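To start, the structure under review is shown below, and the notes come after it.
Read-outs throughout are calculated quantities, based only on the coordinates presented, and are distinct from any laboratory measurement. This structure is a prediction, so every number in the text was calculated from the model and none was measured. Counting neighbours? That spans all protein chains shown, and the Cβs are built from the backbone with ideal geometry, glycine included.
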Amino acid sequence: MSDESPCGKALYGLAGWAYDDWVGIVYPQPLPRGFDSIAYLARYFDALEINSSFYRIPSRRTAEAWARAAAPLRGFEFAVKLWQGLTHARDAFDEAGAQAFETALAPLCDAGKLGAILIQFPWSFRATADSKAWLERLLERFARYPLAVEVRHASWLAGDWLLEQLRARGAAFCNIDQPALRDCIGLTDLATAGHAYLRVHGRNSRNWFRQTAAGHERYDYFYSAEEIADLAAAVRSLKKKARRLYVIANNHWRGQAPANALQLKAAAEGARTEAPECLIRHFGGLGPAIRPSRDAGGEQMELF
């Protein structure tokens, strides 16, 4: 008899997908006419995190297009980042914005393709009384949805308040991997709900807090085999604590997120996996567990 605990299912995915610098690395070059990036990525990944919703609330038409694209993709889900007007602008609660965000989510909910809403706060959001009150308000406002909460400042784990709140509300603590700098939360394997979440940001210590760094420079990082092994251990631990785990790679610059996400999937699951031929070629190989896709590799890809 095996003494291993039953494991939940891990869905591996990417934070965003509309990156021009992925053409020729992740996507074929030139892009075929009518190229469907969601269908293409769904050959290799189980989920995509919608990043654009953080910067602006998507239109219903846009959300309907996402839902249509995902409709034939069995087992594929979206996670959606909450609009920054509710997480980064905290002078007054924008109820109109909250309602607009809910309206935008409706097509994904109706299609059964909404996996979670990610409530992501900046490192400057510390565990003060005001911050706790703001977080509680968001948790109450969006209580009907599966939620994941990402905080980056170590003060949030100095006591039990956050984890107790999340457990009581069935919301997931978002485990993160980020540079090991002062007052930054390190890699954890905490589960507070039936669903769990892990975001992999990279460990670019030089640019993480540099004010003049371009947006992509903070996430310009490629994980080593040893670092992938550490992440894989966290994934396996989380799978034993939750029924469903979202593993999202955010080190997106020049295709590093897809490459590392597939390496992490292979390491954590102990199984071979496929990758686009162009991705393998760009990185000079991704290890023996990653083989080229037989039907969607690089420039040989057929039209969808």
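Give me the angle, in degrees from 0 to 90, between the Cα long axis of helix 60-70 and the longest principal axis of the Cα atoms of the chain, rounded to the nearest 10.
Its long axis makes an angle of about 50 degrees.
Could you line up Trp134, Trp208 from fewest to most neighbouring Cβ atoms inside 10 Å?
On the way: Trp134 17, Trp208 21.
Ascending number of Cβ neighbours within 10 Å: Trp134, Trp208.
Let's see if you can work this out: charge +1 on each Lys and Arg Cβ, -1 on each Asp and Glu Cβ, no other charges. What is the dipole magnitude of the range 95-199 about its Cα centre, in debye to the nearest 20? Don't jump to the answer; show the numbers that get you there.
Numbers: 11 positive and 12 negative charges, 12 e Å.
Here the size comes out at about 60 debye.
Suppose every K and R has +1 on its Cβ and every D and E has -1 on its Cβ; what is the size of the dipole of the range 1-135 about the Cα centre, in Debye to the nearest 20?
Working: 13 positive and 15 negative charges, 55 e Å.
The calculation lands at about 260 debye.
Add -39500 (n - 2.57) for each DSSP H run of 4 or more in the chain, then divide by its residues: what number comes out at 222 nm, to the nearest 500 deg cm²/dmol?
Working: 10 runs with 97 residues, N = 304.
That comes out to -9500 deg cm²/dmol.
What residue among Gln29, Thr103, Pro58 has its Cα farthest toward the positive end of the dipole of the range 1-110, where the charges are +1 on Lys, Arg and -1 on Asp, Glu, each on the Cβ?
Of the options given, the answer is Gln29.
Relative to 2.2 N^0.38 Å, what does the C-alpha radius of gyration of the chain come to as a ratio? Two decimals please.
0.98
Taking neighbour Cβ counts within 10 Å as the exposure measure, how do Lys132, Lys9, Lys239 sort from fewest upward?
Ranking Lys132, Lys9, Lys239 by Cβ neighbours within 10 Å, fewest first, gives Lys9, Lys132, Lys239.
Averaging the inverse of every distinct alpha carbon separation and then flipping it gives the Kirkwood radius. What is it for the range 1-149, in angstrom units?
Details: mean 1/r = 0.0586 Å⁻¹.
About 17.1 Å for the range 1-149.
What's the FRET efficiency of Phe209 with Ala158 using the Cβ-Cβ distance as r and R₀ = 25 Å, to the nearest 0.05? It would help to have the intermediate numbers written out before the result.
Working: r = 20 Å, r/R0 = 0.82.
Given R0 = 25 Å and the Cβ-Cβ separation, E is 0.75.
How big is the dipole moment of the range 9-300 about its Cα centre under a simple scheme where the beta carbon of each Lys and Arg is +1, that of each Asp and Glu is -1, and everything else is neutral? Debye, nearest 20, please. Please report the intermediate quantities before stating the final value.
Working: 37 positive and 31 negative charges, 88 e Å.
Dipole of the range 9-300, to the nearest 20 debye: 420 debye.
Over the Cα atoms of the range 115-269, what is the Rg over Rh ratio if Rh follows Kirkwood? Walk me through the intermediate numbers first.
Details: Rg = 15.3 Å, Rh = 16.0 Å.
Taking Rg over the Kirkwood Rh, I get 0.96.
Connecting C-alpha atoms closer than 10 Å in a GNM of the chain, tell me which of Ala271, Ala39, Ala193 has the biggest fluctuation.
Evaluated over the chain, the most mobile residue of the options is Ala271.
How far is helix 129-141 tilted off the main Cα axis of the chain, in degrees rounded to 10, range 0 to 90?
60 degrees
Out of all DSSP beta bridges in the chain, what portion is antiparallel? Express it as a percent rounded to 5. Walk me through the numbers on the way to the answer.
Working: 1 of 38 bridges.
Taking every DSSP beta bridge within the chain, about 5 percent pair in antiparallel fashion.
Specify the angular offset, from 0 to 90 degrees and rounded to the nearest 10, of the alpha carbon long axis of helix 95-110 from the longest principal axis of the alpha carbons in the chain.
So the inclination is approximately 40 degrees.
With an 8 Å cut-off on Cα pairs and a minimum separation of 6 or more residues, tell me the relative contact order of the chain in percent.
Values: 552 pairs, mean separation 64.8, N = 304.
Relative contact order, the chain: 21 percent.
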